[in-house]
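See structure below.
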Amino acid sequence: MDRCIVCNAQIDKEKAYLSLKYKGKDYLACCPLCKSEFEKEPEKYMKKPKEQKD
Ligand SMILES: [Zn+2]
């Protein structure tokens, strides 16, 4: 099972809204919202999809 790069929801690669290629790796987005979030700040989601430091 793969995960949405933005919201970390489990998604099936086949059912993902979008499969994004970024710097040679594949990332999945589950919905249009996550896609646009990812495109706004790709680096943010590249580094730590799960945890965030305050
Ligand atoms: Zn998502």
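The values are calculated or read from the model by the stated rules, or taken from the named source; none is laboratory data. All figures in this text were calculated on a predicted structure; none of them were measured in a lab. Here the Cβ is made from the backbone with ideal geometry for all residues, glycine too, and neighbour counts use every protein chain on show.
When the range 20-38 is filtered for residues that are modelled with pLDDT of 90 or more and exposed (fewer than 14 other Cβ atoms within 10 Å of the Cβ), the ones remaining, listed by number, are Pro32, Leu33, Ser36. Restricting attention to the range 39-54, the residues being under 15 Å from Arg3 (Cα atoms) and at pLDDT below 85 number 6. The number of residues in the range 1-16 that are part of a loop (DSSP other than H, G, I, E, B) and near the ligand (Cβ under 8 Å from one of its atoms) comes to 5. Restricting the range 1-17 to residues that are under 8 Å from the mean Cα position of the chain (by Cα) and of a type outside the set (A, V, I, L, M) leaves a set whose member that is surrounded by the fewest Cβ atoms within 10 Å (Cβ to Cβ) is Asn8.
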